[in-house]
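Everything below concerns the one structure shown next.
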Amino acid sequence: MYPSFFLAHGLPTLVTEPHSYSRFLRSLGAQLPKPTGIVVFSAHWESEVQTIGAAAEPDTLHDFFGFPEKLYGISYPAKGNILLAMGIGRLLDAEGIACALDDTRGLDHGVWTLLSLMHPAADVPVVHLSVNPLLVPEEQYRIGRALQALRSEGMMIVGSGGTVHHPGTLHWQDDAAELWAKQFDAWLYDRITVWDSDALFDYERRAPHASLAVPTAEHFAPLLIAMGAADRSRRAKLLYQKYQYGTLSLGAWMFS
């Protein structure tokens, strides 16, 4: 069974500036067996209906502004996989989860920033999926759980987001982590490592500083989806945790 992952994607500059997290992602990609396909739920594609990218050659989307010019010239030319996209649709349908295919959507920076570091050759087909931040946590988890059979086929399922993601709290001149951000992530660590899904589903009430760490749910939802994809085994390991600009959590979880 190929592990599923929750990976923070940070800022787009992750791919152009030297950073220990960038080095970690390169090393992780080199250490893992080459997957047969990559399925990525990105915080930067929101939709009310679970949508599956089905473009044969998805464009590289530069869905940001105000960053260095060289970022806008980066291309990640991975192929799509329509058969895999349709198979994902069938798995979701079987669990009563409404879904749709989109054959025009490109890869947003929640996808290509991570994969350009982990799989720079772009030689593994990629299927990009949306998230619906309005779903309750149990529903997010259920989406991942519906797809866990893909792992037995050598597919890598990735939730791309960030556990602490509140742009208004960033300190652009200082990387020293805020105590409240560390306390929120520490609570998550304690709950994830014992697979306390009841507490995680109720994180908005139980976790310290939850409203500050997760003002909107689109970056948090991919964590629950990635966990759901490992529901049968329920083994979790934190691979990396640091902070950038005080409150931008750069965490990497493996679920096997």
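The values are calculated or read from the model by the stated rules, or taken from the named source; none is laboratory data. Given the structure is predicted, the values throughout are model-derived calculations rather than measurements. Using ideal geometry, Cβ is built from the backbone for each residue, glycine included, and neighbour counts are taken over all protein chains shown. Ligands, DNA and RNA are stripped out before the accessible areas are found, and what is left, the full protein with its side chains, is counted by its heavy atoms. Shrake-Rupley method; radii C 1.70, N 1.55, O 1.52, S 1.80 Å.
For the stretch 188-212, what are the residues that are in a helix (DSSP H, G or I) and within 18 Å of A252 (Cβ to Cβ)? It would help to see each step written out before you state the result.
Of the stretch 188-212, the ones in a helix (DSSP H, G or I) are 188-192, 197-201, 203-206, 210-212.
Listed by number, the residues that qualify are L188, Y189, D190, R191, I192, L200.
For residues in the stretch 163-182 being open to solvent by 70 Å² or more (accessible area, probe 1.4 Å) and at pLDDT 95 or above, which is nearest to the chain's Cα centre (by Cα)?
For the stretch 163-182, the residue satisfying everything is K182.
Given the structure, is L250 buried (at least 24 other Cβ atoms within 10 Å of the Cβ) and in a strand (DSSP E or B)? Please lay out each step first, then the result.
On the way: buried (at least 24 other Cβ atoms within 10 Å of the Cβ): yes; in a strand (DSSP E or B): yes.
Criteria met by L250.
Could you tell me which numbered condition D198 fails, if it satisfies all but one of (1) among the charged types (D, E, K, R); (2) open to solvent by 60 Å² or more (accessible area, probe 1.4 Å); (3) within 27 Å of H19 (Cβ to Cβ); (4) modelled with pLDDT of 95 or more?
(3)
Quick one: in the stretch 16-35, of everything that is outside any helix (DSSP H, G or I) and within 18 Å of the chain's Cα centre (by Cα), which residue is surrounded by the most Cβ atoms within 10 Å (Cβ to Cβ)?
Checking each candidate, the answer is P35.
Being among the small types (G, A, S), open to solvent by 20 Å² or more (accessible area, probe 1.4 Å), in contact with a strand residue (DSSP E or B) (Cβ under 9 Å, 6 or more places away or on another chain) and more than 16 Å from V15 (Cα to Cα) is the filter here; which residues of the stretch 36-79 pass it?
Of everything in the stretch 36-79, just one residue is among the small types (G, A, S), open to solvent by 20 Å² or more (accessible area, probe 1.4 Å), in contact with a strand residue (DSSP E or B) (Cβ under 9 Å, 6 or more places away or on another chain) and more than 16 Å from V15 (Cα to Cα), namely S47.
Considering only the stretch 37-82, state which residues are of a type in the set (S, T, Y) and within 18 Å of the chain's Cα centre (by Cα). Can you show your working first?
Residues of the stretch 37-82 that are of a type in the set (S, T, Y), as a first pass: 42, 47, 51, 60, 72, 75-76.
Those that are of a type in the set (S, T, Y) and within 18 Å of the chain's Cα centre (by Cα): S42, S47, T51, T60, Y76.
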